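Taken together, the values in this text are just the output of simple stated rules run on the coordinates, not laboratory data. Just so you know, these numbers come straight off a predicted model, no measurement behind them. Note: ideal-geometry Cβ built from the backbone for every residue, glycine included; neighbour counts use all protein chains shown.
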Amino acid sequence: MNDKTKKPVYFSVHDIHAYYGESYIVQGVSFNVHEGEILALLGRNGAGKTSTLRAIARLADPELKQGEIWLDHQPIHEMKSYQASQAGIGLVPEDRRIIQGLTVEENLRLAQIAPPVGWSIERIFELFPRLKERRKQEGTTLSGGEQQMLAIGRALARDLKLLLLDEPYEGLAPVIVQEIEKTLQEIRELGITTIIVEQNAVAALKLADRAVILDTGNVVFDGTAQEVLDNEQLREEYLAI
């Protein structure tokens, strides 16, 4: 068993229910994450994965109508999105949201807390040497992989405690996926807790410590990533792999 499972719970989602208008999307999801873990949040299209991430980040949609979200003893469920960000939650959305007209460095500085807490621009460039090479280049002109690095770097530019990644490998070549995986492993070694939503379930499982599988807005599995890799029936039924 991974030693991390012996640590106290660092982040928890308890019985959350979330809606888009009248559409009941997240239907009582609960799970825990330990500090420094990577959790793969998996399921078929429409299972509620991205909606769960958005609810954790306290975005307006979906609307959280019930349940609790706690990060490092802080009640996130009572917060607005900007307050959740200030509390240490960083969401990297699927479309990356690189700001047009700003350079790589300007994108990072815009996200940075003043004064910097732990993550200076130069420290981010140490993690992403390619971004340092392109620090004066407009962010939207980067390749897809470089934009993903910038989006992750921008999340780190705050006092990050929980990194949320929505489809980080989408549209990337396998060699770039490996590069992003290496970066996420380095981030884990720094003690940052991560939740990753990814359609490339095998890649996510090989990276993750634990996995939660959703089906129609409900948790149908909560255990180690290796258990999912070893369970062909579970993979076929809920992940189609």
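Observations on the structure shown:
- So Ile113, is it of a type in the set (A, V, I, L, M), under 27 Å from Thr50 (Cβ atoms) and surrounded by 15 or more Cβ atoms within 10 Å (Cβ to Cβ): no
- Index of the failed condition, Gly145 passing every other in (1) small (Gly, Ala, Ser); (2) within 17 Å of Glu106 (Cα to Cα); (3) crowded, with 18+ Cβ neighbours inside 10 Å: (2)
- Boolean, Leu71 is farther than 29 Å from Ile241 by Cβ and either in contact with an Asp or Glu (Cβ under 6 Å, 6 or more places away or on another chain) or touching a residue at least 24 places away in the same chain (Cβ under 8 Å) (or both): yes
- Between Gly21, Gly48, Gly36, the distinction of being crowded, with 17+ Cβ neighbours inside 10 Å and over 14 Å from the mean Cα position of the chain (by Cα) belongs to Gly48 only.
- Among the residues of the range 207-231, the ones that are polar (S, T, N, Q) and either within 16 Å of Glu37 (Cα to Cα) or assigned to a helix (DSSP H, G or I) (or both) come to 2 in all.
- Per-region count, the range 193-206, residues surrounded by fewer than 21 Cβ atoms within 10 Å (Cβ to Cβ) and closer than 20 Å to His34 by Cα: 1
- Test result for Ile76, of a type in the set (Val, Ile, Thr) and buried (at least 20 other Cβ atoms within 10 Å of the Cβ): yes
- Boolean, Val13 is in contact with a Phe, Trp or Tyr (Cβ under 6 Å, 6 or more places away or on another chain), touching a residue at least 60 places away in the same chain (Cβ under 8 Å), part of a strand (DSSP E or B) and among the β-branched types (Val, Ile, Thr): no
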